[in-house]
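Asks: First the structure, which I've put down as C-alpha cells, then a few questions once you've had a look.
The values are calculated or read from the model by the stated rules, or taken from the named source; none is laboratory data. Keep in mind that this is a model prediction, so the values were computed, not measured. Cβ coordinates were reconstructed from backbone atoms using ideal geometry, including for glycine residues, and neighbour counts include every protein chain displayed.
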Amino acid sequence: MTTNITDLQDASDKGPSLLIPATGAKIPPGQSPLAELDQWVTGERLLEILWDAGSRPSLQWIRKETRRRMMPHIRRGRLIFYRPRSVMEWFNQRECRPNSMKQTPHSQPL
C-alpha cells in the first residue's frame, strides 16, 4: 500500500495531524507517533525513526552490526527487520559512563 499526497491531504482535512520531522510524513490524528516503535521495520525505516538526518548513522553500519549479531533483529529469508524499541534499548545499554558514575560491587554509598 502506498500513500500519496491526496491521501495525506484527506487525512489533514479530518483533523490536526502530526508531522514527523525526519521523514516529513504526517500521522493521522488517532495514531500515536510512538506506535511504530513496536512494529517490525526495515533498516532504512529504522534510521528514519530513531535518528534525525544530522546524527543518523549509515545503513552500512546497521548492516554491519546485524552481521555481527550485535543489533537485535529478525531474519525472514533474506529480509531483515528491526523493532525500533529493542534497538533503542540495545543502543542505550552501550552508553559510556564516567568512572565516577559506575558502582563496583565493593563500593558502598557513604
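Asks: From the list Gly54, Gly24, which residue is at pLDDT 70 or above, within 16 Å of the chain's Cα centre (by Cα) and loosely packed, with under 10 Cβ neighbours inside 10 Å?
Replies: Details: Gly24 fails: at pLDDT 70 or above.
Result: Gly54 is the single residue among Gly54, Gly24 that is at pLDDT 70 or above, within 16 Å of the chain's Cα centre (by Cα) and loosely packed, with under 10 Cβ neighbours inside 10 Å.
Asks: Moving on to the next point. What pairs come out if I take residues in the stretch 39-62 that are under 18 Å from Arg85 (Cα atoms) and among the charged types (D, E, K, R) and pair them with residues that are at pLDDT 90 or above and surrounded by 14 or more Cβ atoms within 10 Å (Cβ to Cβ) whose C-beta lies under 6 Å away, six or more apart or interchain?
Replies: Note: pairs meeting the criteria are Arg56/Leu47.
Asks: Across the stretch 46-99, what is the total count of residues that are assigned to a helix (DSSP H, G or I), aromatic (Phe, Trp, Tyr) and closer than 23 Å to Ala35 by Cβ?
Replies: Let us first name the residues in the stretch 46-99 that are assigned to a helix (DSSP H, G or I), namely 46-50, 59-67, 84-93, 99.
Subset that is aromatic (Phe, Trp, Tyr): 61, 90-91.
Remaining after also requiring closer than 23 Å to Ala35 by Cβ: 90-91.
Result for the stretch 46-99: 2.
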